[in-house]
Protein chains: 2
Amino acid sequence: MTASRALRGAQDVSQATVLKVNNAAKEIGYVGNHLAASLTKTNSNLIGVVLPNLTNVVFSHVMNGITEALGNTIFQPVFGVTEWDEDREYEVIKNILSWRPAGMIVTGTGLPASTRLILERANIPLVQIMDTDGEVIDSVVGFSHEKAGYDMAQALLKIGKRRIGFIGCIVNNDRRAAKRRVGFRRALKEANLDFCCEVNEAAVSSVSLGRKLMQEALQDCPDMECIYFTNDDIAAGALFYCIERGIDVPSRLTLVGFNGMDISNSFPGRLATSVTDLTGIGTEAAKILLKRCTGEKSEVSERIVLEPRIELGNSVSNAPTEYD
Amino acid sequence: MTASRALRGAQDVSQATVLKVNNAAKEIGYVGNHLAASLTKTNSNLIGVVLPNLTNVVFSHVMNGITEALGNTIFQPVFGVTEWDEDREYEVIKNILSWRPAGMIVTGTGLPASTRLILERANIPLVQIMDTDGEVIDSVVGFSHEKAGYDMAQALLKIGKRRIGFIGCIVNNDRRAAKRRVGFRRALKEANLDFCCEVNEAAVSSVSLGRKLMQEALQDCPDMECIYFTNDDIAAGALFYCIERGIDVPSRLTLVGFNGMDISNSFPGRLATSVTDLTGIGTEAAKILLKRCTGEKSEVSERIVLEPRIELGNSVSNAPTEYD
DNA sequence: TCAGGTATCGATACCGGTATCGATACCGGT
DNA sequence: ACCGGTATCGATACCGGTATCGATACCTGA
């Protein structure tokens with residue numbers, strides 16, 4: 001007992017004993033047991049993190065934000081990957097909950113009823129991330145993908161784009177990419193327009209796929225002046241294809257990605273994109289949990305919106321690309 | 001007690017009772033408590049994963065391999081990020097160990113003595129990943145980065161490259177990139193050569209940085225015929241720079257990346273690279289742990305080498321690039 | 001000198017499961 | 001009818017910590 005107190009720096013132990021215990025612990029290589037420690041409390045100091053996937057750069061940035069914010073705290077992330085499958089999501093969440101985590105970070109809003117139920121029953125702080133469109137249980141950090149699509153469309157309409165196509169990679173039920181498309185289309189409709197061409201592929205996005213889809217789109221519809229992509233990497237792939245073919249981007253054709261990841265800087269200014277603060281989403285979500293798990297005001301649910309910043313680059317002036 | 005048996009499908013419970021218990025559990029929304037369950041056993045069904053970072057695509061691929069292999073098992077990853085800091089690594093590992101994980105996956109070989117000690121004391125299966133060069137405690141999955149560098153150098157020498165430069169982003173003590181450089185240089189020395197030019201930057205690699213470093217390198221040493229980069233993204237950045245400047249890659253200048261990530265396909269055939277199976281490293285490591293944690297032959301330590309595949313693309317023929 | 005307070009420490013119960021073992025009921029064979 | 005075996009289930013101890021409370025020693029002021 002005294003040993004336990006000494007090791008965790010609790011009250012009621014003399015300085016001398018603390019030293020003795022610490023030395024003894026070091027000598028025998030004592031490691032402690034979070035399991036036992038957590039069992040006495042109502043919950044552990046684990047933080048559950050549920051993401052659809054990790055290969056996707058988007059989520060690895062978010063994850064990095066989370067681990068960064070959790071870095072020097074007593075909290076540690078456990079995590080599960082859903083692959084956009086709702087049944088698997090339910091299982092993963094239930095599994096994590098049985099570790100009695102101090103808090104949870106779950107990707108997406110509008111969760112299925114059964115998933116909602118166990119999360120509510122757990123009675124721990126919950127932050128849903130990425131998306132503010134759907135139904136939120138407790139707190140949320142992200143932005144409206146519908147609005148992000150809408151805003152980008154408006155920006156493009158404003159600089160005179162009219163014949164706009166859409167190229168998308170939407171895996172399973174990645175609702176966020178779909179919502180951007182919906183929002184974009186809403187703006188188009190308000191201007192009495194619609195996508196002049198649409199190419200969809202239910203596959204994981206990649207540069208190579210971007211090249212392929214671009215080729216298809218150009219065959220179907222050679223007179224587009226702008227294309228809205230679901231992600232940066234397919235937009236970049238398309239740009240590379242255009243560069244090879246001598247199609248001037250953005251003066252003849254404006255390409256618009258999403259997220260503002262590193263690859264969108266491959267040819268500075270050539271791609272337009274919505275720059276999102278993905279690491280920020282992770283850190284903000286983790287910070288909310290930290291506040292709720294350690295602080296007092298544990299009943300306040302928060303709503304943090306990190307609106308994407310639209311970057312049109314050279315697409316604004318539309319001048320033919322010149323190299324300095 | 002009977003309830004516990006029923007829920008986990010153990011022996012000695014009648015079919016009728018199992019049904020009754022399951023229904024009751026569903027009704028009251030029973031969730032279970034892994035903490036208590038694990039406390040009775042010598043270790044939990046957590047798998048500790050220690051990585052330097054997650055923003056880096058390299059590690060997010062590895063992580064994805066791990067979660068994929070662990071997907072439908074009872075095991076769950078907890079994890080920690082070291083940011084290439086050995087003190088932090090020690091703390092992270094110690095912290096994870098006190099969850100009594102069933103096994104550990106740790107990035108890198110040749111760990112510091114104190115870290116080694118606690119890992120050995122834990123007496124659980126351990127897989128070190130990424131690197132087979134250094135000292136291994138138990139099992140290892142990866143390849144020799146020294147040899148990877150050496151092999152690539154030999155391949156380049158074989159196709160006649162002589163004036164070879166080096167452009168590197170080596171953060172903190174990322175020893176693996178450094179080892180590739182050493183191996184590459186060993187091959188050069190065997191041919192009585194050395195890097196004709198060297199540009200280093202202690203920063204996280206990115207496309208933009210690749211552009212910048214390429215520009216610097218070309219100023220310092222305009223007559224290079226080949227450049228070895230530490231990663232794909234700076235190589236890709238360099239390629240983009242060359243394309244803008246009208247420098248023909250690879251006919252005038254061969255650019256060589258590492259990993260064979262998506263971005264190396266931005267202009268197919270234009271970049272040479274060593275294609276590594278990062279997801280494979282993750283899955284193989286996880287599979288070893290699964291075997292060791294569930295199976296019988298729990299004393300066999302394994303050594304799985306996933307040699308990178310050298311892809312020279314158009315750099316082989318060296319013909320001026322033509323578009324089809 | 002003694003009562004009351006404080007500093008320090010150990011004994012005990014408990015967290016929520018599981019392993020173990022004993023108790024009970026029921027079965028078939030002789 | 002009786003016995004040994006099996007199916008089913010509950011009581012108990014225990015995993016390794018921590019909260020609580022009581023015990024002891026020592027200190028301070030009256």
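The values are calculated or read from the model by the stated rules, or taken from the named source; none is laboratory data. Every value quoted in this text rests on a predicted model; they were computed, and no experiment measured them. Here the Cβ is made from the backbone with ideal geometry for all residues, glycine too, and neighbour counts use every protein chain on show.
Numerical summary
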{"item": "Residue match in the range B:185-207 (condition: of a type in the set (Val, Ile, Thr), more than 30 Å from B:Glu89 (Cβ to Cβ) and at pLDDT 95 or above)", "result": "no"}
{"item": "Where a residue in the range B:77-104 is within 9 Å of chain A (Cβ to nearest Cβ) and its partner, wherever it lies, is of a type in the set (Phe, Trp, Tyr), with Cβ under 7 Å and at least six apart", "result": "B:Pro77/A:Phe79; B:Val78/B:Trp99"}
{"item": "Matching residues in the range A:19-35 - criterion: being surrounded by 11 or more Cβ atoms within 10 Å (Cβ to Cβ), more than 9 Å from DNA strand D (Cβ to nearest atom) and within 30 Å of A:Pro101 (Cα to Cα)", "result": "A:Val21, A:Asn22, A:Ala25, A:Gly29"}
{"item": "In the range B:46-75, the residues that are surrounded by fewer than 22 Cβ atoms within 10 Å (Cβ to Cβ), under 24 Å from A:Ser38 (Cβ atoms) and at the interface with another protein chain (Cβ under 9 Å from one of its Cβ atoms)", "result": "B:Ile74"}
{"item": "Pairs with Cβ under 6 Å, 6+ apart, first in the range B:28-40 and farther than 22 Å from A:Tyr90 by Cα, second among the small types (Gly, Ala, Ser) and within 9 Å of DNA strand D (Cβ to nearest atom)", "result": "B:Leu39/A:Ala36"}
{"item": "Selection within the range B:149-174 - aliphatic (A, V, I, L, M) and buried (at least 23 other Cβ atoms within 10 Å of the Cβ)", "result": "B:Met152, B:Ala153, B:Leu156, B:Ile164, B:Ile167"}
{"item": "Single condition B:Thr73 does not satisfy, out of (1) part of a helix (DSSP H, G or I); (2) β-branched (Val, Ile, Thr); (3) in contact (Cβ under 8 Å) with a residue 60 or more places away in the chain", "result": "(1)"}
{"item": "Matching residues in the range B:102-118 - criterion: being assigned to a loop (DSSP other than H, G, I, E, B), over 18 Å from the mean Cα position of the chain (by Cα) and loosely packed, with under 14 Cβ neighbours inside 10 Å", "result": "B:Pro112"}
{"item": "Residue in the range B:290-300 that is in contact (Cβ under 8 Å) with a residue 12 or more places away in the chain, surrounded by fewer than 21 Cβ atoms within 10 Å (Cβ to Cβ) and in a loop (DSSP other than H, G, I, E, B) present", "result": "yes"}
{"item": "B:Ser38 being surrounded by 15 or more Cβ atoms within 10 Å (Cβ to Cβ) and modelled with pLDDT under 90", "result": "no"}
{"item": "Selected residue (only one of B:Ile137, B:Ile129 is closer than 30 Å to B:Ser98 by Cβ, touching an Asp or Glu at 6+ places or on another chain (Cβ under 8 Å) and hydrophobic (A, V, I, L, M, F, W, C))", "result": "B:Ile137"}
{"item": "Filter result for B:Ile164 (closer than 30 Å to B:Val207 by Cα, away from every other protein chain (no Cβ under 14 Å) and at pLDDT 95 or above)", "result": "yes"}
{"item": "Residue within the range A:171-192 that is on the phi > 0 side of the Ramachandran plot and over 21 Å from the mean Cα position of the chain (by Cα) present", "result": "yes"}
{"item": "Members of the range A:1-45 that are more than 12 Å from chain B (Cβ to nearest Cβ), in a loop (DSSP other than H, G, I, E, B) and near DNA strand C (Cβ under 8 Å from one of its atoms)", "result": "A:Met1, A:Gln11, A:Asp12, A:Val13, A:Ser14"}
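Conditions tested, residue by residue: (1) of a type in the set (Gly, Ala, Ser); (2) closer than 21 Å to B:Asn56 by Cα.
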{"position": "A:Val50", "(1), (2)": "no, yes"}
{"position": "A:Asn53", "(1), (2)": "no, yes"}
{"position": "A:Asn72", "(1), (2)": "no, yes"}
{"position": "A:Leu111", "(1), (2)": "no, no"}
{"position": "A:Leu126", "(1), (2)": "no, no"}
{"position": "A:Gly134", "(1), (2)": "yes, no"}
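Yes/no per residue for (1) surrounded by 18 or more Cβ atoms within 10 Å (Cβ to Cβ); (2) within 18 Å of A:Arg185 (Cβ to Cβ); (3) more than 11 Å from chain B (Cβ to nearest Cβ):
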position: A:Cys197; (1), (2), (3): yes, yes, yes
position: A:Asn200; (1), (2), (3): no, yes, yes
position: A:Ala203; (1), (2), (3): no, no, yes
position: A:Val207; (1), (2), (3): yes, no, no
position: A:Gly210; (1), (2), (3): yes, no, no
position: A:Ala217; (1), (2), (3): yes, yes, yes
position: A:Met224; (1), (2), (3): yes, yes, yes
position: A:Phe229; (1), (2), (3): yes, yes, yes
